[in-house]
Amino acid sequence: MKNCKLSLMLVLCISFFCFFLSTQARWHQHKHKHTHPHKPSYISQPPSPPPDSASPPEEATNPNNSSSGVFDVRSFGAVGMAKQMTLRHLRWLGTQLAKVNLQQGSLFPEVDGTLVPPDGPESWPKNASRHQWLVFYRINEMSLQGGGVLDGRGEKWWNLPCKPHRGINGTTLPGPCDSPVAIRFFMSSNLTVQGLKIKNSPQFHFRFDNCRNVHIESISISAPARSPNTDGIHIENTNDVQIYNSVISNGDDCVSIGSGCYDVDIRNITCGPGHGISIGSLGKHNSRACVSNITVRDSIIKRTDNGVRIKTWQGGSGSVSGVTFSNIHMDNVRNPIMIDQFYCLNKGCTNQTSAVFVSDILYSNIKGTYDVRSSPMHFACSDALPCTNLTLSEVELLPAVGDIVSDPYCWNAYGELQTLTIPPVSCLLEGVPRSLLDNDIEHC
């Protein structure tokens with residue numbers, strides 16, 4: 001009888017319908033182990049390209065009100081079935097859930113077909129959050145996979161008057177500006193995202209907040225080069241992250257790493273167009289930021305505004321340390337190697353006496369071409385707190401057009417060259433800065 005009741009509850013959970021279903025999404029139960037063995041580093045053929053701490057999601061007043069696009073399996077008794085997982089919200093706007101299986105605390109949805117949300121701000125449900133489209137909250141062990149497409153239909157959101165590209169010289173105009181992240185995970189662990197194609201998100205395509213053990217494999221993310229704030233993957237306060245074998249092209253960072261992240265391994269990514277792979281921005285509004293043990297390797301960055309970048313605001317605190325950028329090919333990239341500790345979105349930022357401390361950064365085997373409108377290497381470190389222990393080895397960057405090689409730029413940057421570089425770097429300072437000897441530096 002108990003099994004019959006559970007079966008009945010699953011039948012009740014089989015489907016619900018919201019808005020603008022393009023094709024059906026199928027969800028299947030799979031049994032497999034959640035392991036990610038490391039393989040030797042190499043640049044393999046990436047998958048074929050397609051044809052910047054947040055609060056948790058708001059509680060819904062009626063968790064099963066299909067008009068708000070909210071579906072909460074707790075009301076069907078599903079929590080009792082999940083031994084290791086607390087599924088607070090599974091929110092779908094503009095999709096059909098064809099089947100949900102919950103067993104032994106694991107959720108293994110498979111997405112086939114194309115999923116779409118309501119088409120733009122005017123069509124978005126009035127009582128639904130505009131901060132995210134699909135939300136997963138407090139999940140332990142989940143694999144989101146399949147050959148399907150998630151199309152965020154972001155164009156009408158990008159054209160809101162508040163967006164930077166809408167005003168004169170990048171200025172913004174007044175008006176509502178909230179735009180949904182396509183897929184968002186909060187306070188979850190043991191997550192796998194594999195094989196999906198996602199495109200044209202209104203804002204970030206993926207965002208992970210306060211998550212642990214995240215594995216992203218063989219995904220494709222695409223949006224136009226001028227689509228604002230469409231970061232491919234953003235992580236914040238998240239650790240033990242692997243992002244492998246994926247293609248990302250968009251209008252912002254391919255991958256952005258926010259405060260509170262450590263133990264992140266990014267490998268075999270094809271990035272571009274976009275803004276490259278970034279740590280930061282960090283330290284905004286005098287905040288404390290901590291990032292450590294980050295590796296970006298065996299990847300291709302092409303026709304982007306930046307290559308590998310660390311960006312921090314004046315006035316912050318904390319540190320960025322233990323970062324390795326290795327075996328990366330640059331193809332016509334502006335600012336292929338960049339540390340910017342004077343990051344600012346307008347001309348009103350002032351120099352301050354505190355900064356995020358940047359140290360122990362390795363650039364190894366970074367080769368290719370750069371856009372001649374910018375310097376191939378740019379190390380702009382804080383006046384108050386220099387960058388230290390910057391190491392360059394086998395760096396060769398040539399102009400994409402012409403044969404005049406630009407000089408690297410350094411400001412208050414300390415480090416060493418393990419090999420000769422192209423162009424030559426003569427602006428790095430040697431030794432330990434006096435300001436660090438005289439002051440106690442607060443490490444994370």
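The values are calculated or read from the model by the stated rules, or taken from the named source; none is laboratory data. Note that the structure is a prediction, hence the values are computed from the model and not measured. Methodologically, a virtual Cβ is constructed for each residue, glycine included, from the backbone with ideal geometry; neighbour enumeration extends over all protein chains shown. For the accessible areas, the whole protein counts, side chains as well, though only heavy atoms, and no ligand, DNA or RNA atoms are used. Shrake-Rupley method; radii C 1.70, N 1.55, O 1.52, S 1.80 Å.
Within the range 217-266, which strands (runs of 3 or more DSSP E) (wholly inside it) include 2 or more residues that are of a type in the set (A, V, I, L, M) and within 12 Å of the chain's Cα centre (by Cα)?
Output list reads 233-236, 239-249, 255-257.
With the condition kept exactly as written, say whether any residue in the range 422-433 is under 24 Å from Ile300 (Cβ atoms) and of a type in the set (Asp, Glu). Checked the range 422-433: no residue is under 24 Å from Ile300 (Cβ atoms) and of a type in the set (Asp, Glu). Of the candidates Thr350, Thr369, the single residue that is hydroxyl-bearing (Ser, Thr, Tyr), open to solvent by 30 Å² or more (accessible area, probe 1.4 Å) and modelled with pLDDT of 95 or more is Thr369. Return only the number of the condition from (1) farther than 22 Å from Asp119 by Cβ; (2) surrounded by 21 or more Cβ atoms within 10 Å (Cβ to Cβ) that Met187 does not satisfy. It is condition (2) that Met187 fails. Looking only at the range 393-444, which residues are among the hydrophobic types (A, V, I, L, M, F, W, C), open to solvent by 40 Å² or more (accessible area, probe 1.4 Å) and assigned to a helix (DSSP H, G or I)? Correct list: Leu437 only. Here Pro228 clears all of (1) at pLDDT 95 or above; (2) touching a Lys or Arg at 6+ places or on another chain (Cβ under 6 Å) except the condition numbered (1).
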